[in-house]
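Values in this text are rule-based calculations from the coordinates and carry no lab data. Small disclaimer: the values here were computed from a predicted structure and weren't measured. As a convention, Cβ positions derive from the backbone with ideal geometry for all residues, glycine included, and neighbour counts pool all protein chains shown.
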Amino acid sequence: MSKYILSFLLLSTTIFTACKKEQSGTSADNAVAPADKVQTTSHQDEVLTPAGWVHKSLVHHVETGEYLSGDGNRLRKYDRLGKVVADYGAIEQTSGNTPFFPGNAKKSGKDIFPLGSGWITYTYWTNTSATPISYFNTNWTVPPAPAVNSGQTIFLFNGLQNANNILQPVLQWGPSAAGGGNYWAIANWYVGNNSVFSNLIRVAPGTNLQGIMSLIGGSGSTYSYTSAFAGYPSITLTVNNIPKLYWAAESLEAYGVATCSNYPNTAKTRLSAIELKVGSAQAPLSWSVANAVTDCGQHATVVTPGTPNGIVDIYY
């Protein structure tokens, strides 16, 4: 009998040791918080983008050297030799000057977490002139990690929109369709009824970022743009021959937030060196502020209005 008891004790010790070892892992890349599983389960067959949860069939990856084009009002992906490698379908075109997000985007079911989701706080400006926005720059520093990880996703970006699409250089914490985990990373996105993203590059807290969108050409009713992070050319996203982007924003977006400690462990992030040009001239930029979700005191403050040295503070 003692032999069986000894065997049982040895087996129990082995299982306990294995479990303890598994629980003590500290790799941010491998950590998966329970809330992350809940968030994914509540959005089956969907993936997260900087415009919310969408069906995975509508989200696509662009490799280095590939680019997008809206020729013929269809969004297609081309390789570096100019060959079509994917056709994502017709580009929606809605009249009026209402931006795609947060107003016009098709949204899935509500986030099941106790705190607010979507665009949390942001500033915005509409270019009402016939001359297109030609340049939009914003600098910021990667903030500290959140104090608590619950599988949440935080997006920080400047972006250019029309009624159906947004082009944006995005800093993210947590998972999205582009990848990610419990760390900060950057990618460029073009989001609409089909959403496309570049490769994702991990960045450390304290890294200085410069998100830039530039007009690189245009004729008739269509224009060509790039979305880029200065110093990270491999993830620059080029989108040719698409409808004009006329609505600019500086935004904090979040999903899966269970506690205020899911936000970066700092009071605010400063978005600086904001420069926005219309044609060759500085834009008559005057930010409006929208504090859509304030459950943790989140808000945006325009510290220095206008351009080329504008400043906006995003508070968590």
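Figures for the structure shown
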| read-out | value |
| --- | --- |
| Rounded D (µm²/s) - the stretch 200-280, Kirkwood Rh over Cα pairs, Stokes-Einstein at 20 °C, 1.002 mPa s | 137 µm²/s |
| Most positive-pole-ward Cα, Gly279, Thr307, Tyr232, against dipole of the stretch 217-316 from beta carbon charges | Gly279 |
| Computed Kirkwood radius, in angstrom, where 1/r is averaged over Cα pairs of the stretch 171-316 | 17.0 Å |
| Förster-model FRET efficiency, 30 Å R0, Ala281 and Thr207, C-beta, rounded to 0.05 | 0.40 |
| All Cα pairs of the stretch 27-315, percent lying beyond 30 Å | 24 percent |
| Equivalent ellipsoid, the stretch 274-316 (semi-axes from 5 times Cα gyration tensor eigenvalues, Å) | 25, 10, 7 |
| Ellipsoid equivalent to the stretch 133-247 - semi-axes via the Cα gyration tensor, in Å | 26, 14, 11 |
| Gap separating the Cα centres of the stretch 152-192 and the stretch 48-80, nearest whole Å | 13 Å |
| Value of D in µm² per second that Stokes-Einstein yields for the stretch 58-98, Kirkwood Rh from Cα pairs, at 20 °C (1.002 mPa s) | 190 µm²/s |
